[in-house]
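A short write-up of the structure that comes next.
The values are calculated or read from the model by the stated rules, or taken from the named source; none is laboratory data. Keep in mind that this is a model prediction, so the values were computed, not measured. A quick note on method: Cβ atoms are made from the backbone with ideal geometry, for glycine too, and the neighbour counts reach across all protein chains shown.
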Amino acid sequence: MTRIHYRIVQHDGGWAYKLGDVFSEAFATRSAALAAAHRVAREQHVPGNAAYIEFQDETGAWHTEFSAGDDRPEADVES
């Protein structure tokens, strides 16, 4: 199973949660960013519907894959 980690960082004059190289919106306080990160980590556990998904990779190539909707990652928040 895939495991992902959200981190709380200073960003854009405030605080944000970060996954990999991607930042959330900025929050005025660290505690607000932490609460938002915990919320999105919980949402990662909610199964979705089976569907075909399309995405573009870092080279610009497009891919189509089938997502069963029940292969959710384990998510946590590193504070």
Subset tally (residues that are among the small types (Gly, Ala, Ser), farther than 30 Å from Thr29 by Cα and at pLDDT 90 or above) for region 52-79 | 2
All positions within region 39-49 that are part of a loop (DSSP other than H, G, I, E, B) and either exposed (fewer than 11 other Cβ atoms within 10 Å of the Cβ) or more than 14 Å from the chain's Cα centre (by Cα) (or both) = His45, Val46, Pro47, Gly48, Asn49
Under the condition of being assigned to a loop (DSSP other than H, G, I, E, B) and of a type in the set (D, E, K, R), which residue from region 52-79 is surrounded by the fewest Cβ atoms within 10 Å (Cβ to Cβ)?
-> Glu58
Restricting attention to region 9-19, which residues are out of contact with any strand residue (DSSP E or B) (no Cβ under 6 Å at 6 or more places or on another chain) and either of a type in the set (Val, Ile, Thr) or assigned to a strand (DSSP E or B) (or both)?
-> Gln10
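Return the residue satisfying two criteria in turn: it lies in region 20-38 and is touching a strand residue (DSSP E or B) at 6+ places or on another chain (Cβ under 8 Å) and part of a strand (DSSP E or B), and of such residues it is surrounded by the most Cβ atoms within 10 Å (Cβ to Cβ). Step through it out loud before you land on a result.
Filtering region 20-38 down to residues touching a strand residue (DSSP E or B) at 6+ places or on another chain (Cβ under 8 Å) leaves 23-30, 32-34, 36-38.
Subset that is part of a strand (DSSP E or B): 23, 27.
Values: Phe23: 13, Phe27: 20.
Across region 20-38, the extreme among qualifying residues is Phe27.
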